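Asker: Sharing a structure here in structure tokens format.
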Amino acid sequence: MKLENGTQVFVKPYQEQDAKEIVQLIIRNFREVNVKDYGEKVIEQIVATHDVKWFQGIAEYANIYVFWNEGKIVGVGAISSFWGSLTESILLTVFVLPELHGQKIGSYIIDILESDELFLRAKRIEIPASITAVEFYRKKGYDYKNGLKELDNEHHYRLEKFRNV
């Protein structure tokens with residue numbers, strides 16, 4: 001994928017040595033972007049639980065894609081089976097460097113996740129969406145789970161998409 005400035009974004013499978021840089025990218029999003037919707041107190045509570053060990057735990061059960069530009073990680077996205085289901089999946093940890101928001105990298109991440117085998121076999125795909133990102137996911141075809149626009153106990157809207165498989 002080419003950015004507006006002409007540079008390329010490449011996707012690679014996750015490697016364990018990527019975890020620290022990915023977590024830094026995620027925390028930057030929390031502190032620079034999501035803070036506007038959640039406030040500093042909530043964000044710092046979230047940051048406290050999102051460390052390298054947390055991310056490595058996700059890597060044990062999810063397919064993670066890492067997006068690179070000029071030798072640095074500019075985005076990440078993951079997909080997993082939804083609680084072991086063969087017909088449901090869940091998108092996780094979709095983040096883009098804050099300074100690159102609005103350059104279509106997020107859409108590219110979703111496109112890659114939607115080409116993964118776990119997406120292609122699923123009849124239903126769920127995503128826990130932050131307040132900040134909910135409209136982005138809705139533009140990508142996800143809607144409120146069971147039609148309910150309400151935050152869960154993790155401060156997410158639960159969105160879903162159905163597919164004919």
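Asker: Kindly indicate whether any position in region 53-61 is touching a strand residue (DSSP E or B) at 6+ places or on another chain (Cβ under 6 Å), free of Cβ contacts under 8 Å to residues at least 40 places away in the same chain and within 22 Å of residue 145 (Cα to Cα).
Answerer: No, because not a single residue in region 53-61 is touching a strand residue (DSSP E or B) at 6+ places or on another chain (Cβ under 6 Å), free of Cβ contacts under 8 Å to residues at least 40 places away in the same chain and within 22 Å of residue 145 (Cα to Cα).
Asker: Let me ask something additional. Return only the number of the condition from (1) basic (Lys, Arg); (2) under 23 Å from residue 137 (Cα atoms); (3) in contact (Cβ under 8 Å) with a residue 40 or more places away in the chain that residue 72 does not satisfy.
Answerer: Unmet condition: (2).
Asker: Do we find a residue being of a type outside the set (A, V, I, L, M, F, W, C), under 16 Å from the mean Cα position of the chain (by Cα) and not in a strand (DSSP E or B) anywhere in region 118-129? Give the derivation first.
Answerer: So in region 118-129, the residues of a type outside the set (A, V, I, L, M, F, W, C) come out as 121, 123-124, 126, 128.
Those still in the list that are under 16 Å from the mean Cα position of the chain (by Cα) too: 126, 128.
After this cut, where a residue has to be not in a strand (DSSP E or B) as well, the list is none.
Among the residues of region 118-129, not one is of a type outside the set (A, V, I, L, M, F, W, C), under 16 Å from the mean Cα position of the chain (by Cα) and not in a strand (DSSP E or B), which makes the answer no.
Asker: Taking into account only those residues within region 28-52 that are in contact (Cβ under 8 Å) with a residue 40 or more places away in the chain and among the charged types (D, E, K, R), which is farthest from residue 98 (Cα to Cα)?
Answerer: 37
To keep it simple, each residue is scored yes or no on (1) among the polar types (S, T, N, Q); (2) surrounded by fewer than 21 Cβ atoms within 10 Å (Cβ to Cβ); (3) touching a residue at least 40 places away in the same chain (Cβ under 8 Å).
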site: 112; (1), (2), (3): no, yes, yes
site: 115; (1), (2), (3): yes, yes, no
site: 121; (1), (2), (3): no, yes, yes
site: 124; (1), (2), (3): no, yes, yes
site: 133; (1), (2), (3): no, no, no
site: 136; (1), (2), (3): no, yes, no
site: 145; (1), (2), (3): no, yes, no
site: 148; (1), (2), (3): no, yes, no
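Asker: Let me ask another. Can you tell me which condition residue 3 does not meet? The list is (1) surrounded by 11 or more Cβ atoms within 10 Å (Cβ to Cβ); (2) modelled with pLDDT of 95 or more, and all the others hold.
Answerer: (2)
Asker: Considering region 112-139 alone, what residues qualify as being charged (D, E, K, R) and in contact with a Lys or Arg (Cβ under 8 Å, 6 or more places away or on another chain)?
Answerer: Once the filter is applied, which keeps residues that are charged (D, E, K, R) and in contact with a Lys or Arg (Cβ under 8 Å, 6 or more places away or on another chain), region 112-139 yields 123, 124, 126.
The values are calculated or read from the model by the stated rules, or taken from the named source; none is laboratory data. Remember, it's a predicted structure, so these values are computed and weren't measured experimentally. All Cβ positions, glycine included, derive from the backbone under ideal geometry; neighbour counts span all protein chains shown.
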